[in-house]
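The structure appears right after this line, and notes come after that.
The values are calculated or read from the model by the stated rules, or taken from the named source; none is laboratory data. No experiment lies behind these values; they were computed from the predicted model shown. Ideal geometry is used to build each Cβ from the backbone, glycine not excepted, and the neighbour counts take in all protein chains shown. Surface areas here come from the heavy atoms of the whole protein model, side chains and all, with no ligands, DNA or RNA. Shrake-Rupley method; radii C 1.70, N 1.55, O 1.52, S 1.80 Å.
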Amino acid sequence: MRATAKAHPNIALVKYWGKRDERLILPHQSSLSVTLGPLAVTTMVEFTTERGADEVRINGRTAAGAERERVVALLDVVRREAKKRLGRARMVSAGDFPAAAGLASSAAAFAALAVAARTAAGFARDTRAESILARRGSGSACRSVQGGFVRWNRGRRADGKDSFGEQVFGERHWPELRLLVGMVSREEKEVKSRDGMRATVETSPYYPAWAKDAEAEARRIVPFIKRRDLEAVGTIAEQNAWRMHATAFAAMPPLCYLKPQTLSVIEACRELRRRGTGAWFTLDAGPNPVLLTTAGDEATVARVLEQHGAAEVVSCRPGGDAELVPAP
Ligand code: DP6
């Protein structure tokens, strides 16, 4: 009744932004991401037969409040679905993210938790069921159960059984691809993704156009990834990031995740292209851009990020599936 799993974070090239069901975490539109190696979160789950409160430890400290509640809620789903009676659990999770990576670890954390918890409860590995479970913790986590390029199909059902991440191409499909995270601001973002997307759905007049466009883009990008066409993939990723942020700017009150340094990097990225270096940006709900490039241009792009205020640059490449590992 104990298992440990490891999962990588992911960066969306076509973003998920907005839920049609807040409780089950069902999106209004499909999205598509790359799983990022080598960053990873490792999570151990052990179910006991005792009654009582779960013990939740994250990065060396006991979790409390909303952070703890999200983990307990996911463990409760597993306890309800398990064939045997499961009591209180012990969960220990740790990420190897550099503190400055500027990437949310929640996708990797909930993917690792879903795989570990289901395995500890006696279920055989099943990436679809794991993705659906991970989604209940954090939407983007359903795209971290598998490696490589993963599309989260929005699904149509009210129970969410058709809303999960599915691998489109494996981690070895495009080995030269690099994703450079540039940490330009260490400030905690003022509005979390969860609250920002809710406000956008409720108040942005552009939201319906966003959802329709993103749904189409999550399909249109696939043949370009297949051809490993960086220019076409980068162009779609940039445009989709602008459109996500545009729909957020139009919320009431307006949501702006960009900082002056973010724009400076975006400008530098255009300048790189004018000079013949292939680099395109994407941006989640925060100020730190992620630049798409290839291994040959990695050093040039990293240098430019540093020149434009990135305190740290973390270089990632397509990562693998979430997997079971020996206990730490
Ligand atoms: C901008 O998956 O963190 O990174 O489902 O509320 O937990 P919840 O949100 P989360 O949102 C991710 C938003 C994004 C885009 C993306 O990863 O697709």
Q) Quick one: in segment 81-107, which of the residues that are more than 22 Å from the chain's Cα centre (by Cα), open to solvent by 40 Å² or more (accessible area, probe 1.4 Å) and at pLDDT 95 or above is nearest to Val313 (Cα to Cα)? A) Arg90
Q. Mind checking which pairs have a first residue in segment 1-23 that is open to solvent by 10 Å² or more (accessible area, probe 1.4 Å) and more than 14 Å from the ligand (Cβ to nearest atom) and a second that is in a loop (DSSP other than H, G, I, E, B) and not hydroxyl-bearing (Ser, Thr, Tyr), Cβ under 7 Å, 6 or more apart or different chains?
A. Lys6/Ala40; Lys6/Ala322
Q | Residue identified as within 14 Å of the ligand (Cβ to nearest atom) and modelled with pLDDT of 95 or more among Glu267, Glu176, Glu217 | A | Glu217
Q) Which ones in segment 186-195 are within 16 Å of the ligand (Cβ to nearest atom) and surrounded by fewer than 20 Cβ atoms within 10 Å (Cβ to Cβ)? A) Glu188, Lys189, Glu190, Val191, Lys192, Arg194, Asp195
Q.
Here's a check for you: in segment 45-74, which residue that is among the β-branched types (Val, Ile, Thr) and open to solvent by less than 60 Å² (accessible area, probe 1.4 Å) is modelled with the lowest pLDDT?
A. Ile58
Q) Looking only at segment 188-213, which residues are touching a Ser or Thr at 6+ places or on another chain (Cβ under 7 Å) and assigned to a helix (DSSP H, G or I)? A) Thr200, Tyr207, Trp210
Q. Cβ-Cβ below 7 Å, separation at least six or inter-chain, first residue in segment 311-328 and under 26 Å from Ser185 (Cβ atoms) and surrounded by fewer than 18 Cβ atoms within 10 Å (Cβ to Cβ), second among the β-branched types (Val, Ile, Thr) and modelled with pLDDT of 95 or more: which pairs?
A. none
(Q) Just checking, does segment 278-300 include any residue being in a helix (DSSP H, G or I), outside the structural domain of Leu32 (by TED's automatic domain parsing), open to solvent by 70 Å² or more (accessible area, probe 1.4 Å) and at pLDDT below 95? (A) no
Q) Pick from Phe110, Phe123: which is assigned to a helix (DSSP H, G or I), open to solvent by 10 Å² or more (accessible area, probe 1.4 Å) and among the aromatic types (Phe, Trp, Tyr)? A) Phe110
Q) Just checking, which of Val115, Val168 is open to solvent by 10 Å² or more (accessible area, probe 1.4 Å) and not in a loop (DSSP other than H, G, I, E, B)? A) Val168
Q) Which of the following residues is without any contact (Cβ under 8 Å) to a residue 12 or more places away in the chain and either among the charged types (D, E, K, R) or over 18 Å from Asp54 (Cβ atoms) (or both): Ala124, Ala158? A) Ala124
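Among the strands (runs of 3 or more DSSP E) contained in segment 1-101, which hold 2 or more residues that are of a type in the set (D, E, K, R), in the same structural domain as Arg156 (by TED's automatic domain parsing) and farther than 27 Å from Trp152 by Cβ?
55-58
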